[in-house]
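These notes are about the structure you will find just below.
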Ligand code: MV4
């Protein structure tokens, strides 16, 4: 296979920028696509070339296969990197790229087909000897059959849409009296979300952990894993904090889960970067949940502890190179990532788009900020409001937590509301620090987490940053800020108010 010379990145925001960074290091030219809402976006400024692909809604721009392929042809790109989301797990797009003679940097369409539908994936995994959550391998035709099955395995059970994941069309049934109404609810939600009302049943697992294994395969059948990521800190099926190694995994479990993940990938002829998601129950049994056939948001933590550039590996695999390893590298140290969102945790995490008037990004040792924004940028309301991913490395988990907290304390974003304080709350929560938090953690501790996050010492750092900001904005105002603000007085900045509230 030939060397790739020019890559079109069919995405936006931080992931588009992240992919382009590696391209630059490899001497590969970069092409951006953008919607009308993204004319001044960072990924457009980062690329060597950029093509407008349509109006703001992604259905009319980033998701329009023909427009993306047209841009790739015009630019003379020999490959397309899809990032995550958008067209990254779209088998028909992979086939369209193939037809156009453009390399899709990702798995073959057949592997996406094998994993896309939940019941199909379960059947494939059962055949391969991969443990799946106990339940049916096929959708259930009638409510009578479904009820009989639920009675056989016993409540609680989980009704799940066969058509797709992400928690849509999912219903927990705790009492048989509720079975029929839950069944109907799951079916109609599944129809709305996936245009497919097929539903199947699983035994409900109490307080599971979400642990996923990064896998990698080349075009010659060599398949390895790159250890796990602990992703149990989620709310509404959105990951908020990810880390590796998982604080609940023993080396034996890591080896076993890695082996099973490799088996899963091999069973579907996987190529490139993929992630096998598992639920881990209270007895530390693990079960296949789904496979994500793309590079994931949280890949940086894996890069930190393996020392690898996963995007570079994706490109090399697409070029036909062999994997440089034959087995998993031992994890080195610990890494934590937090997702910084333009949203307001106090207002039910409502997105908070708008202009970033001031931005101070943390710095210092072993820290990385994968951002899609810059000072003066207006966060549009059209897309996912994640503005950056902050990740850190340290020799131990404790040190990684302290480093992440220190880094968050340096983060200053003015003009929009962010979840930075909320993230500090998570990292300071005893359950998180202890390391045995499950997927119920963020919902269960919601109230506590809203009020937390202000470590007095760390507040000093953000205080200082705010003073610098104020100084830059207006020297005169900065002077008054060096004196304690009068009670109830206006004109103080939020960090001052927080600082004075602390003392009460
Ligand atoms: C489950 C479960 C408990 N038992 N299945 C949520 C999204 C989806 N992809 C699978 N999910 C779950 N499936 C059984 N049989 C609990 C969840 C779940 C969850 C899983 C992973 C991460 C976060 C979660 C939050 C709530 C529920």
Tally, over region 432-453, of residues that are without any contact (Cβ under 8 Å) to a residue 24 or more places away in the chain and crowded, with 17+ Cβ neighbours inside 10 Å: 1
So, in region 216-235, exactly how many residues are away from the ligand (no atom under 16 Å from the Cβ) and outside any loop (DSSP other than H, G, I, E, B)? 7
Within the bounds of region 323-336, is there any residue that is within 16 Å of the ligand (Cβ to nearest atom) and not in a loop (DSSP other than H, G, I, E, B)? no
Of the residues in region 140-188 that are in a helix (DSSP H, G or I) and within 13 Å of the ligand (Cβ to nearest atom), the one that is farthest from residue 236 (Cα to Cα) is 153
Of the numbered conditions (1) within 16 Å of the ligand (Cβ to nearest atom); (2) over 16 Å from the mean Cα position of the chain (by Cα); (3) surrounded by fewer than 22 Cβ atoms within 10 Å (Cβ to Cβ), residue 292 satisfies every one except a single condition; which is it? (2)
Picked from region 100-120 (must be touching a strand residue (DSSP E or B) at 6+ places or on another chain (Cβ under 6 Å) and assigned to a helix (DSSP H, G or I)), the residue nearest to residue 218 (Cα to Cα) is 115
Report whether or not residue 474 is loosely packed, with under 15 Cβ neighbours inside 10 Å, within 16 Å of the ligand (Cβ to nearest atom) and at pLDDT below 95. no
Pairs needed: first member in region 126-139, outside any loop (DSSP other than H, G, I, E, B); second member anywhere, at pLDDT 95 or above and within 13 Å of the ligand (Cβ to nearest atom); C-beta distance under 7 Å; at least 6 residues apart or different chains. 126/132; 132/122; 132/287; 132/288; 135/200; 135/201; 135/202; 135/203
Sort out which residues of region 236-253 are assigned to a strand (DSSP E or B), within 14 Å of the ligand (Cβ to nearest atom) and within 25 Å of residue 399 (Cα to Cα), and write them in order of number. 239, 240, 241, 242
For region 209-218, indicate whether the set of residues that are out of contact with any strand residue (DSSP E or B) (no Cβ under 7 Å at 6 or more places or on another chain) and surrounded by fewer than 17 Cβ atoms within 10 Å (Cβ to Cβ) is non-empty. no
Count, please, the residues in region 23-47 that happen to be assigned to a helix (DSSP H, G or I), farther than 16 Å from residue 67 by Cα, over 23 Å from the mean Cα position of the chain (by Cα) and without any contact (Cβ under 8 Å) to a residue 60 or more places away in the chain. 2
Count - residues of region 192-225 that are at pLDDT below 95, closer than 16 Å to residue 118 by Cβ and out of contact with any helix residue (DSSP H, G or I) (no Cβ under 8 Å at 6 or more places or on another chain): 3
Here the residues within region 33-62 that are in contact with a strand residue (DSSP E or B) (Cβ under 9 Å, 6 or more places away or on another chain) and closer than 18 Å to residue 90 by Cβ are 33, 35, 53, 54, 57, 58, 60, 61, 62
Kindly indicate whether any position in region 64-75 is buried (at least 20 other Cβ atoms within 10 Å of the Cβ) and within 27 Å of residue 376 (Cα to Cα). no
Using beta carbons and a limit of 9 Å, which pairs, at least six apart or on different chains, have the first residue in region 281-308 and on the phi > 0 side of the Ramachandran plot and the second one at pLDDT below 95 and within 12 Å of the ligand (Cβ to nearest atom)? none
Filtering region 258-296 down to residues that are over 18 Å from residue 89 (Cα atoms) and assigned to a loop (DSSP other than H, G, I, E, B) yields 281, 282, 283, 284, 285
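The values are calculated or read from the model by the stated rules, or taken from the named source; none is laboratory data. Owing to the predicted nature of the structure, the values given are computational and were not obtained by experimental measurement. As a convention, Cβ positions derive from the backbone with ideal geometry for all residues, glycine included, and neighbour counts pool all protein chains shown.
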